[in-house]
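Below is one structure, written out as structure tokens, with a few remarks after it.
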Amino acid sequence: MHGLHIRLPKNFVLEERLERYAAAIEPNPYGWRGLWAAACRRSDAAPFREVRLDLGCGRGGFTVEAARREPDVLFIGMDSEPICIAYAAQVGCESGLSNVVFVPGSAMRITEMFAEGELACIYLNFPTPFPRKKDSGKRTVNFERLMDYRHVLAPGGQVRLRTDSQPLFDFALTQLSIAGYEPVWTSRDARADRPDDPTSEYEVKLGGKGARVCAYVATPGEEPRDPHQTAEMSLAAYIPQDLGTYDGYAPHGMEATIQNLRNRAAKTGGDWSSGVTI
Ligand SMILES: C[S@@+](CC[C@H](N)C(=O)[O-])C[C@H]1O[C@@H](n2cnc3c(N)ncnc32)[C@H](O)[C@@H]1O
């Protein structure tokens, strides 16, 4: 599972769960491209004001809380892990909300699931960082994904990232500029700056361990003509020379790397940077 460690109860049977909470799941999301707002509304209700996607929704806590706060907006939680969809759908069903639905699917196929301009906002809450260069193509913050998000976002639409990982955040900022996005807001302590924003399970869990939240809100600007990758792809490249930055908290998924760098720094008298590859 993409960096998500869910301890399953002994008697967890995925198919049985998916069936029990089917009311909050759309099993064939690719069939609703261009139709989401109309297809998901209750027959007696007004059309949804807009549609927003929680991409990589995990257990769905953020999706459901956001939906509870804005009943006239349709919130779609998408995750590539069926186990996450099963858990999220349970939360969705138990909430009693009719403006939230969960779908299995991958960021890599987002343009097959949503039509041009169909989404007002894409949330990327604590995306899997994939720190190694060899896995970096799977990150949902990469410029290739941002170019896809451009197509499905409505005019003025937004991508909203939150992460505990300063290296991932610094990498993600390079991708915004390659894909021609304008940052509307950035923060390196988003909980302090916007304490009322809803939280996800990861934000609560990692916040409890001392994580600060880095965040951006960005909107597509002029479309770049020939976007291509110019950034360092290993997240090790974004680790500051002063490892004291990570006293008390190391970014999720990079704990072992940072410990190795500390060991190396101890041996070399401070310089850990030569020849680092992850
Ligand atoms: C670290 S978890 C964060 C979950 C949740 N957003 C939160 O903040 O609690 C990252 C989630 O992204 C999902 N994921 C990773 N790559 C994905 C992709 N390409 N498309 C959809 N979901 C993805 C994983 O399965 C996992 O549930």
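Go through region 188-209 and give me each residue that's among the small types (Gly, Ala, Ser), free of Cβ contacts under 8 Å to residues at least 60 places away in the same chain and within 16 Å of the ligand (Cβ to nearest atom). Explain how you work it out, then say what you get.
So in region 188-209, the residues among the small types (Gly, Ala, Ser) come out as 190, 192, 200, 207-208.
So of that shortlist, the ones also free of Cβ contacts under 8 Å to residues at least 60 places away in the same chain come out as 190, 192, 207-208.
Matches in region 188-209: Ala190, Gly207, Gly208.
If a residue must be assigned to a helix (DSSP H, G or I) and buried (at least 17 other Cβ atoms within 10 Å of the Cβ), how many such residues does region 192-213 contain? Give the steps one after another, and end with the answer.
Taking region 192-213 as the starting set, the residues that turn out to be assigned to a helix (DSSP H, G or I) are 192-193, 201-208.
Checking which are buried (at least 17 other Cβ atoms within 10 Å of the Cβ) leaves us with 201-203, 206.
Counting residues in region 192-213 that are assigned to a helix (DSSP H, G or I) and buried (at least 17 other Cβ atoms within 10 Å of the Cβ) gives 4.
Take the residues in region 1-18 that are in a loop (DSSP other than H, G, I, E, B) and loosely packed, with under 10 Cβ neighbours inside 10 Å, then tell me which one is modelled with the lowest pLDDT.
Kept after step one, since they are in a loop (DSSP other than H, G, I, E, B), are these residues of region 1-18: 1-13.
Imposing the further condition that a residue be loosely packed, with under 10 Cβ neighbours inside 10 Å reduces the set to 5, 7, 9-11.
Numbers: His5: 58, Arg7: 73, Pro9: 78, Lys10: 79, Asn11: 82.
This residue is His5.
Restricting to region 41-71, and then to whatever is in a strand (DSSP E or B) and either away from the ligand (no atom under 16 Å from the Cβ) or of a type in the set (A, V, I, L, M) (or both), can you tell me which residue is surrounded by the most Cβ atoms within 10 Å (Cβ to Cβ)? Talk me through it step by step, then tell me what you get.
The first filter runs over region 41-71 and keeps only residues in a strand (DSSP E or B), leaving 50-55.
Applying the additional criterion that residues be either away from the ligand (no atom under 16 Å from the Cβ) or of a type in the set (A, V, I, L, M) (or both) yields 50-51, 53, 55.
Details: Glu50: 17, Val51: 20, Leu53: 30, Leu55: 24.
By that ranking, first place goes to Leu53.
Could you look through region 73-88, keep only residues that are touching a helix residue (DSSP H, G or I) at 6+ places or on another chain (Cβ under 7 Å) and farther than 10 Å from Val103 by Cβ, and pick out the one that is surrounded by the most Cβ atoms within 10 Å (Cβ to Cβ)?
Only one residue tops the list, namely Phe75.
If you go through region 126-134 one residue at a time, do you hit one that is within 21 Å of Pro227 (Cα to Cα) and at pLDDT 95 or above? Spell out how you get there, then give the answer.
Residues of region 126-134 that are within 21 Å of Pro227 (Cα to Cα), as a first pass: 133-134.
Add one more test, that the residue is at pLDDT 95 or above, and what stays is 133-134.
Within region 126-134, one or more residues are within 21 Å of Pro227 (Cα to Cα) and at pLDDT 95 or above.
Only one of (1) away from the ligand (no atom under 14 Å from the Cβ); (2) in a helix (DSSP H, G or I); (3) modelled with pLDDT of 95 or more fails for Leu74. Which number is that?
(2)
Give just the number: which of (1) at pLDDT below 95; (2) in a loop (DSSP other than H, G, I, E, B) does Pro227 not satisfy?
(1)
The values are calculated or read from the model by the stated rules, or taken from the named source; none is laboratory data. Fair warning: this is a prediction, and the values are worked out from it, not measured in the lab. When we count neighbours, we look across all protein chains shown, and the Cβ atoms used for this are built from the backbone with ideal geometry, even at glycine.
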